[in-house]
Amino acid sequence: MRVLYVEMAFGFGGSLTGLLHLFKHLPANVEPVLVTGFDARLYTELPDGLTYEVAEIPKAPDARGGALRQLASFYRHNASPWMKHLDGTIRRHRPDLIHTANSVFSNAPAALAGRRHKLPSVGYQKGFEWGGLPNRYVLRRGWFSHHIASSISVAERLFELGLPRERCTVMYEPVEPPPDTTTERSEGSPVVAMYSILQPWKGQDVFLRAVAKVRARYREPFRVIIAGSAPEGFADYADGLKSLAAELGLNDVVEFSGHVRDIFGVLARTDIAVHASVEPEPFGRVIGEAMISGVAVIATKGGGAAEIVHHEETGLHVPMGDDAAMAEAIERLLRDPELRRSLGKRAREFALREFRPALHAERVVALYEEVLAGK
């Protein structure tokens, strides 16, 4: 079975990371071919033996005007170039099935290319889908043969937009365990870390304000790491975070690490991992990585994050955008090392059971076989 994996995002993130984990655990009879809209080799190592192509698709300009004009711009600058590239990819590699990641509408060109070549397609939906008419049309008309949702919350959003329930399967994303299975943290000042792409909805500014509140009343030393880089168009936000840290008097506490290839290296020296998104998180790969590393997690309550972090069992919940509540949770864990250890231990047990890449690959391949049998 040859599967064409299409990653239409314009930057590296959790979506491609999940695919790379999947590739490692595919059985020998599944041959992956990967196409991305950016050069993934700049950010990570690709598995040996993977057939890989970069699609040189320029980013579409922002379209002004009504829905019809926006659709026309999308077709001209995005859909048409992608379909042209994928037509060539399909002719060169002759896949049996197409697997896309990210949103329904942005990946519609891959589904259309599949239909043109009489290939079934599986869309792995990792975010809350836009509620516009084009998305509803694609879902209701069945452009994709089947959908995978990265959480129950994501699946419910698809059903709201008209996707029949029988054409969607929920699968949490795979998270590869770190090579060192120890869950003991290093000695020294506790480290509070946040690792995520630098965008406003990820809430790094909320995290910094929470850290400032903790520092004002917690007198023991601790360190803070903010890891991650800003995608194109968000450099001002990243610069603003550094300015905010200076304004709050945190320059001697906060380290901005930029993009980190070895996230488990960061987590090995982390005592508390914070997820601060101010909008519901579809799944939260960074949460899963912290959990599987045995790190105590504080997560904002919304979407998939609330499904995988069980309050007071595998982590702590705080309301989205509430820096005061986040500060209280951070301070509580700083003051209670035993609670940190117990939360981290139970989180790791849950993650090793629920996010196991081999189990994920087994379920995905079984779904491919079902889709191919019914095509």
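The values are calculated or read from the model by the stated rules, or taken from the named source; none is laboratory data. Model, not experiment: these values are computed from the prediction. Glycine also receives a Cβ, built like all others from the backbone with ideal geometry; neighbour counts cover every protein chain displayed. What goes into the accessible areas is simple: the full protein's heavy atoms, side chains included, and nothing from ligands, DNA or RNA. Shrake-Rupley method; radii C 1.70, N 1.55, O 1.52, S 1.80 Å.
The stretch between Arg76 and Trp201 holds 42.1 nm of extra length on full extension. This uses 0.36 nm per residue minus the Cα-Cα distance. What is the helix-to-structure angle for 204-217, meaning the angle in degrees between its Cα long axis and the longest Cα principal axis of the chain, kept from 0 to 90 and rounded to the nearest 10? Here the helix axis deviates by roughly 10 degrees.
Normalised size of segment 155-306, defined as Cα radius of gyration per 2.2 N^0.38 Å with N residues, equals 1.14.
Shape descriptor for segment 125-174: Rg over Rh equals 0.93 (Cα atoms; Rh from the Kirkwood inverse mean 1/r).
Place a +1 charge on the Cβ of each Lys and Arg in segment 67-180 and a -1 charge on the Cβ of each Asp and Glu, then give the dipole magnitude about the Cα centre in debye, rounded to the nearest 20. Before the final figure, lay out each step's value.
Numbers: 16 positive and 9 negative charges, 172 e Å.
Around 820 debye, computed over segment 67-180.
Binning the alpha carbon pair distances of segment 301-375 at 10 angstrom intervals from zero yields the distribution 17, 33, 25, 15, 8, 2, expressed in whole percent. Over the chain, accessible surface divided per residue gives 45 Å², non-protein components excluded, 1.4 Å probe.
Packing order of peptides 17-28, 143-154, highest average first: 143-154, 17-28 (average count of other Cβ atoms within 10 Å over each peptide's residues).
Among the protein heavy atoms of segment 284-343, carbon and sulfur supply 48% of the accessible surface, probe 1.4 Å, non-protein parts ignored. For the peptides 318-324, 245-251, the ranking by packing is 318-324, 245-251, with the highest mean count of neighbouring Cβ atoms within 10 Å listed first. A simple spin-label model places the labels of Val260 and Glu247 2.6 nm from each other, with each point 7 Å out along Cα-to-Cβ. Heavy-atom accessible area for Phe207, with the other protein chains in place and a 1.4 Å probe, reaches approximately 0 Å².
Residues whose amide H lies under 5 Å from that of Gly203, counting only those 5 or more places away or on a different chain, are Val278; hydrogens are built 1.01 Å from N in the peptide plane. Lys202 exposes around 30 Å² of accessible area when a 1.4 Å probe is run over every protein chain in place. For the chain, lysine pairs with C-alpha atoms less than 19 angstrom apart, excluding pairs fewer than eight positions apart on the same chain, total 8. Using a 7 Å offset from Cα along Cα-Cβ at Ala358, what residues in segment 150-181 end up with backbone N under 19 Å from the label point? 172-181, by backbone N distance to the label point.
Mean silhouette area of the chain, derived from the convex hull of its C-alpha atoms and averaged over all directions, reads 18.2 nm². Remark on Ile225: its backbone amide H falls under 5 Å from those of Val192, Ala193, Met194, Glu255, a criterion applied only to residues 5 or more positions apart or on other chains, H modelled at 1.01 Å from N.
Sequence-distant contacts, meaning Cα pairs under 8 Å at least 6 residues apart, place the relative contact order of the chain at 15 percent.
When Ser106, Ser243 are compared by accessible area of protein heavy atoms, the largest-first order is Ser243, Ser106, using a 1.4 Å probe.
Could you give the length gained by full extension between Tyr52 and Met171, i.e. 0.36 nm per residue of separation minus their alpha carbon distance, to one decimal place? Please report the intermediate quantities before stating the final value.
Details: separation 119, 0.36 × 119 = 42.84 nm, distance 2.51 nm.
40.3 nm is the gain from fully extending Tyr52 to Met171.
Based on Cα contacts under 8 Å between residues 6+ apart, segment 240-329 shows a relative contact order of 22 percent. Extension gain for Glu279-Arg335 works out to 17.3 nm (0.36 nm per residue, less the C-alpha to C-alpha distance).
Label-to-label distance, Phe234 versus Arg2, with points set 7 angstrom from Cα along the beta-carbon direction: 3.6 nm. Apolar share of the accessible surface for segment 115-209: 51 percent from carbon plus sulfur atoms, 1.4 Å probe. Convex hull volume per residue, computed on the Cα atoms of segment 232-375, equals 155 Å³. Surface listing: Trp130, Trp82, Trp201 arranged by accessible area from highest to lowest gives Trp130, Trp201, Trp82, probe 1.4 Å. A crude spin-label estimate for the pair His93 and Ser189, with each label 7 Å from Cα along the Cβ direction, gives 4.8 nm.
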